[in-house]
Amino acid sequence: QVQLVESGGGFVQAGGSLRLSCVASGSVNSINAMGWYRQAPGKQREFVAAITRSGSTHYADTVKGRFTISRNNAKNTIYLQIDRLQPSDTCMYYCYSERAEGYDPYWGQGTQVAVSS
């Protein structure tokens, strides 16, 4: 299996920036795409961004232009750079790693982002 550990969240003023990290360990050779979801209290989890092992990226329309996903293969790590933070970005951010088709992805425990107005 794959273990995912997120870090980099915090409490930030609107307009600021954060860089979230997600380190993968375990059966890393089984990983294809990785990415990020986020979830606010009382709301459903929503897709944020994804990156394939070949480097292709995809973003939710709600974050496009402010969020940048990247990877460091040597460190088995993906990142989420968040710029021009907004109060609506206040969520728990979860890293995921896709598995074989038909299986649920692996999930990290999340890192909290809180943005003040």
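The values are calculated or read from the model by the stated rules, or taken from the named source; none is laboratory data. Everything numeric here is computed off the predicted structure, so don't read it as measured data. Every residue, glycine among them, receives a Cβ derived from its backbone with ideal geometry; neighbour counts consider all protein chains shown. Accessible surface areas use protein heavy atoms only, side chains included; no ligands, DNA or RNA. Shrake-Rupley method; radii C 1.70, N 1.55, O 1.52, S 1.80 Å.
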Do we have any residue at all in segment 34-42 that's touching a strand residue (DSSP E or B) at 6+ places or on another chain (Cβ under 8 Å), assigned to a loop (DSSP other than H, G, I, E, B) and of a type outside the set (A, V, I, L, M, F, W, C)? no
If the requirement is being in a strand (DSSP E or B), over 14 Å from residue 108 (Cα atoms) and within 15 Å of the chain's Cα centre (by Cα), which of these qualifies: 23, 48? 48
Just the residues that are open to solvent by less than 20 Å² (accessible area, probe 1.4 Å), more than 12 Å from residue 24 (Cβ to Cβ) and not aliphatic (A, V, I, L, M), please, taken from segment 67-102. 67, 89, 91, 93
(1) in contact (Cβ under 8 Å) with a residue 40 or more places away in the chain; (2) in contact with a Gly (Cβ under 8 Å, 6 or more places away or on another chain): which one isn't true of residue 49, the others all being true? (1)
Count - residues of segment 103-117 that are surrounded by 14 or more Cβ atoms within 10 Å (Cβ to Cβ) and in contact (Cβ under 8 Å) with a residue 24 or more places away in the chain: 8
Scanning segment 2-20 for residues that are polar (S, T, N, Q) and in a strand (DSSP E or B), the one most open to solvent (accessible area, probe 1.4 Å) turns out to be 13
Going residue by residue through segment 29-39, is there one that turns out to be at pLDDT 95 or above and surrounded by fewer than 17 Cβ atoms within 10 Å (Cβ to Cβ)? yes
Out of the residues in segment 69-103 that are in contact with a strand residue (DSSP E or B) (Cβ under 9 Å, 6 or more places away or on another chain) and acidic (Asp, Glu), which is modelled with the lowest pLDDT? 98
Does segment 46-59 include one or more residues that are surrounded by fewer than 17 Cβ atoms within 10 Å (Cβ to Cβ) and within 24 Å of residue 116 (Cα to Cα)? yes
Among strands (runs of 3 or more DSSP E) completely within segment 57-117, the ones holding 3 or more residues that are hydrophobic (A, V, I, L, M, F, W, C) are 77-82, 91-97, 111-116
Can you tell me which residues in segment 51-66 are closer than 21 Å to residue 24 by Cα and over 14 Å from the mean Cα position of the chain (by Cα)? 53, 54, 55, 56
